[in-house]
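Asker: Okay, handing you the structure first.
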Amino acid sequence: MGVARPDQGAYLLRTAAMDAGRAYKEELLRLLDPRPGQTVLDVGCGPGTDLPALAERVGPEGLVIGVDRDPAMLAEARRRAEGLPRVEVRRGDAHALPVTPGSVDLAKTDRVLLHVDDPAAALASLHTATRPGAVVGLVEPDWETLIVDAPDIGTSRAFTRFVVEDTVRNPTVGRALGRLAAQAGFTVDTVHATTPVLRDAETADYTLGLGRNLERAVAAGHIEAERARRWFAGLSEGPFQASFTLFTVLARR
């Protein structure tokens, strides 16, 4: 069923290039509004997808710091940042950011908090890193809102339950972003909810991991094998639609 688990760096780059990925990233950049001379922190920068755009906005007098803990991601981020003035890629953890406290003007996390051990602790670290008046942008999905249209709605619901309960560390962090940011000491200005809609089964299989997560659900006994086979086969036989909710929070230090 479905495609094999993709290389993480390639996955992040491909999803960022999709229409839905470009749209929310452009909106986040607009909300953050980086200015020349500012210091910008990209927490969980991954393969450095957003570093060039941030560097262009802050200019040669600014500083862009990308932080990630994955060596492969860091290598790709450094490659993409090569030749960009005042861009630094640092190895570090979201719970203990490798930056001088109070030195950051703008910061962002993009689909990072759903993976960390403790989202509240990561936001506390971000609060420490930012200066008074700094602006932070946070983007996370809420996987409990994942909807896959199929005649067998029971299997669609079982699939979403499995994703929420067994595949993602913090699957509902999206809905909690505003609360968690406020508890970390930020003042929340804006909460946006958008709903990316996927209408191509192959793209959704790659993006949402439909086939590979369905195989895991069958192996774990959550969904009966023949029922899963029929459900997955049916997704490509007719008009396809799947969606989920993506939350964007803009807050101030």
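The values are calculated or read from the model by the stated rules, or taken from the named source; none is laboratory data. Not measured: the values here are computed from a predicted model. Using ideal geometry, Cβ is built from the backbone for each residue, glycine included, and neighbour counts are taken over all protein chains shown.
Asker: Only one of (1) over 25 Å from Ser236 (Cα atoms); (2) within 20 Å of the chain's Cα centre (by Cα); (3) outside any strand (DSSP E or B) is not met by Thr128, so which one is it?
Answerer: The number of the failed condition is (2).
Asker: A further question follows. If you take the residues of region 70-93 that are among the charged types (D, E, K, R) and surrounded by 14 or more Cβ atoms within 10 Å (Cβ to Cβ), which of them is nearest to Leu113 (Cα to Cα)? Spell out the reasoning first.
Answerer: Narrowing region 70-93 to residues among the charged types (D, E, K, R): 70, 76, 78-80, 82, 86, 88, 90-91, 93.
Filter once more, keeping what is surrounded by 14 or more Cβ atoms within 10 Å (Cβ to Cβ): 70, 76, 78, 80, 86, 88, 90, 93.
On the way: Asp70: 15, Glu76: 21, Arg78: 22, Arg80: 23, Arg86: 26, Glu88: 22, Arg90: 18, Asp93: 12 Å.
Looking at the filtered set, the residue picked out is Asp93.
Asker: Right, here's the next one. Could you please find all residues in region 101-125 being outside any strand (DSSP E or B) and of a type in the set (Lys, Arg)? Working first, answer last.
Answerer: Taking region 101-125 and keeping what is outside any strand (DSSP E or B), we get 101-103, 111-125.
If the condition is that a residue be outside any strand (DSSP E or B) and of a type in the set (Lys, Arg), then Arg111 is the only one that fits.
Asker: OK, next. Anything in region 86-100 that is assigned to a loop (DSSP other than H, G, I, E, B) and either closer than 11 Å to Leu51 by Cα or in contact with a strand residue (DSSP E or B) (Cβ under 9 Å, 6 or more places away or on another chain) (or both)? List them, or say none. Spell out how you get there, then give the answer.
Answerer: Step one: list which residues in region 86-100 are assigned to a loop (DSSP other than H, G, I, E, B), which gives 86, 92, 94-95, 97-100.
Residues satisfying the conditions are Arg86, Gly92, Ala94, Leu97, Pro98, Val99.
Asker: When residues of region 140-162 are filtered for being among the hydrophobic types (A, V, I, L, M, F, W, C) and out of contact with any helix residue (DSSP H, G or I) (no Cβ under 6 Å at 6 or more places or on another chain), how many remain?
Answerer: The first filter runs over region 140-162 and keeps only residues among the hydrophobic types (A, V, I, L, M, F, W, C), leaving 143, 146-148, 150, 153, 158-159, 162.
Then drop every residue that is not out of contact with any helix residue (DSSP H, G or I) (no Cβ under 6 Å at 6 or more places or on another chain), which leaves 147, 153, 158-159.
Residues flagged as among the hydrophobic types (A, V, I, L, M, F, W, C) and out of contact with any helix residue (DSSP H, G or I) (no Cβ under 6 Å at 6 or more places or on another chain) within region 140-162 amount to 4.
Asker: Test each condition in (1) modelled with pLDDT of 90 or more; (2) assigned to a loop (DSSP other than H, G, I, E, B); (3) surrounded by 13 or more Cβ atoms within 10 Å (Cβ to Cβ) for Leu28 and report the one that comes out false.
Answerer: The number of the failed condition is (2).
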